[in-house]
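Step one of this worksheet: look at the structure below.
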Amino acid sequence: MAIKVLLVDDETSFVETLKRRLTLRRLEVLTAASAAEALALLSEQEPDVVVLDVRMPGMSGIEATREIRRTHPTVEVILLTGHASLEASMEGMTMGAFDYLLKPVSIDELIFKIEDAHRRRNLRRAGTEGEPGGPDGHGGGGG
Amino acid sequence: MSRRTTDGRRILTAFAWLTTKDWLLVIDRDPTEPATPLREARRIELAALLIASLLVGGAVVFHTRQLVARLAAEDRSRVAAEAQLAHSARLVSLGRMAAGVAHEINNPLAAIGELAGLMEDLIDDQFLASSPHARLFQDNVRKIQQHVDRTRGITHRMLGFARRMEPHQDMVNVNDIANEALSFIEREASFRQVELIRQLDADLPMIKSDRAQLQQVFLNLLNNALDAVEDGGRIMVTSRAVADSVLVMVEDDGCGIPEELHDRIFDPFFTTKAPGEGSGLGLSICHTIMKGLGGSLSFDSAPGEGTVFRVRLPRTPV
């Protein structure tokens, strides 16, 4: 089954192009232009991995991460940042993001990261089935 | 009262009743007769006054001088501190600006990269057969991506630079920092046929310190060395671990520092360079940085033979 990815970025040409490229690589891709849109979409059809831009008008990627972790604890979040704000990315990691990548990111690197995140999501789901209520203890992140 | 005697001399006379006896004390005095003891007393008094005022004046002048000197020294160190503060504030804001620029560039760059990437993804055999220009399209799309990668390298370095400008303690390898600083002067050194010799101890322990500040110190010392040596000269950088510290020496065989200037080398605004060429802050800032890092900066110099600057860094974090 294809990994379902939700791309969230206010730069539409970036999102649309990336969507086509990921689709070509057999991923199922949804897009949203803002964090609010993403959260609305999330409750309708749950993706495996959300790729979030850190800096967006309105709700930031960091706040969105917190919200996603709260409402959809098994959905993994990868942060994309164009900024040196290591602090913001670190904050995102403590919010429970799987990892962060610096823009522009190579497509292969992004796909590897998505696959890793998807793997962790499967582990998480296997874990939470036996022990409902806690994604806790999986904090931190890879790479 | 004054009265005249029979022979016409003027005489001063004073009367006083004695209280114990019914006697009148009469004292006659010739005003022309010299009042020697009185004059003597006045002279001594004057002399004493003069000496005292000289003493007081001297003390006042001495203390004022000292006070003025101290104020001037304080003023100089305050100006130096302010200059250094302004300098580091400038670096930090420069770093922030670099970060902002890098961010602004990264977003459109990411879009360009993805657009070119998609174009490459979509180029297939059918497309390549469809037009004589198709190959050129493919090549160019790849080149666009190569240039995006190159630009990404630049913006990511800029972000790294921005992060380094913030004061930051890290585990650092002093050799790496020295090599990095050396790489900045390699070009000029090779132009001038100055030999750069590295004697870096490969077993140097990592220490906790501020990479950017250390780099600033090394770069400053190396630039000074480069200014000091003649074309075809020699600069040697040595690193070594000693008991409780890591020692880095920057040695040149240049003109040396005249003995009489040794005391002023670390003074702010002291420079031997032509006006406009040196701010006179370099070594002063290095000295302050090294103190701030818990280390020290010292030197030995023999005029005509060369100079060695010694950077000492504590092994245990401060």
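The values are calculated or read from the model by the stated rules, or taken from the named source; none is laboratory data. Remember, it's a predicted structure, so these values are computed and weren't measured experimentally. Neighbour counts run over all protein chains shown; Cβ positions are idealised from the backbone, glycine included. With ligands, DNA and RNA removed, areas are computed over all heavy atoms of the protein, side chains included. Shrake-Rupley method; radii C 1.70, N 1.55, O 1.52, S 1.80 Å.
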Largest first, what is the accessible-area ranking of B:F266, B:F127, B:F191 with a 1.4 Å probe? B:F191, B:F127, B:F266
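Given a 1.4 angstrom probe, what's the average accessible area per residue across the protein assembly as shown, in square angstrom? Could you put the intermediate results ahead of the total?
Working: 26680 Å² over 461 residues.
For the protein assembly as shown, the per-residue accessible area is 58 Å².
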Considering every residue in A:100-111, what mean count of other chain Cβ atoms within 10 Å of its Cβ is obtained? 5
May I ask you to evaluate 6.51 cos²θ - 1.76 cosθ + 1.60, the Karplus curve with θ = phi - 60°, for each residue of the range B:37-50 and list the ³J(HN,Hα) values in order in whole Hz, giving x for glycine and proline? x, 5, 4, 4, 4, 4, 5, 4, 4, 4, 4, 4, 4, 4
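Sort A:E16, B:E259 by heavy-atom solvent-accessible area, probe 1.4 angstrom, most to least.
Ranked from most to least accessible, the order is B:E259, A:E16.
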Please report, as a whole percent, how much of the solvent-accessible surface of the range B:170-314 comes from carbon and sulfur atoms (probe radius 1.4 Å). 46 percent
Accessible surface of B:K143 - all protein chains present, 1.4 Å probe, nearest 10 Å²: 110 Å²
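Please compute, for peptide B:121-133, the average count of beta-carbon atoms on other protein chains lying within 10 Å of each residue's beta-carbon.
The shielding value for this peptide is 1.
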From the protein chains alone at 1.4 Å, what is the descending order of accessible area for B:R142, B:R76, largest first? B:R76, B:R142
Under 8 Å for C-alpha pairs, at least 6 residues apart: give me the relative contact order for the range A:4-129, rounded to a whole percent. 21 percent
Do you know the relative contact order of the range B:1-40, to the nearest whole percent, from alpha carbon pairs under 8 angstrom that are 6+ apart? 30 percent
How much accessible surface does B:H156 have with a 1.4 Å probe, in Å² rounded to 10? 50 Å²
Per-residue accessible area for A:S106 at 1.4 Å probe radius, Å² rounded to 10? 40 Å²
Under the definition of partner shielding as Cβ atoms of other protein chains within 10 Å of a residue Cβ, what is the mean value for peptide A:13-25? 5
Under 28 Å Cα-Cα from B:K143, which lysines qualify once same-chain neighbours fewer than 8 residues away are excluded? A:K19, A:K103, A:K113
